[in-house]
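The values are calculated or read from the model by the stated rules, or taken from the named source; none is laboratory data. Being a predicted model, the structure only gives us computed values, none of them experimental. A quick note on method: Cβ atoms are made from the backbone with ideal geometry, for glycine too, and the neighbour counts reach across all protein chains shown.
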Amino acid sequence: NLVIGMLNNLVQNAVDAVRSHVKESEEAGRARILVSAAPHLPAGKRYVQLAIEDSGPGIEDEFREQVFAPYYTTKGEKGNGLGLALVERAVLDHNARIYVTGSSLGGAAFRVFFPVPDSGNGERDIMVFPV
């Protein structure tokens, strides 16, 4: 499933970011990753917001657009730069949108907005994302 692969990639990136940011002398309890899902209802439209946030080093504003480009990586030899490009492809295949911002945890936040389709008979479909 593309959504599970996308979520796995975003969480693994958060784990890598937190590991690279925590120094050995620091307390391991400072490392944080938050995965959440919540309804998002702008202007009468319905979305499910999936957010993955971390306490890593974050992503500078000028690099936030580049992170989705194929072969762009900050991991050196450890990364091939395809993970977030595939995440973006999965997001677009689901008619969703993804945004990168800073996190209240101090690192990066990836927010994916999945539209909740209208079933056509006056009721709304419920979107379920297996985790």
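Key figures
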{"quantity": "Any hit, the range 65-72, residues being at pLDDT below 85 and under 24 Å from His40 (Cα atoms)", "calculated": "yes"}
{"quantity": "Test: residue in the range 117-126 that is at pLDDT 75 or above and surrounded by fewer than 16 Cβ atoms within 10 Å (Cβ to Cβ)", "calculated": "yes"}
{"quantity": "Among (1) closer than 24 Å to Phe113 by Cβ; (2) in contact with a strand residue (DSSP E or B) (Cβ under 9 Å, 6 or more places away or on another chain); (3) modelled with pLDDT under 85 - the single one Leu82 does not satisfy", "calculated": "(2)"}
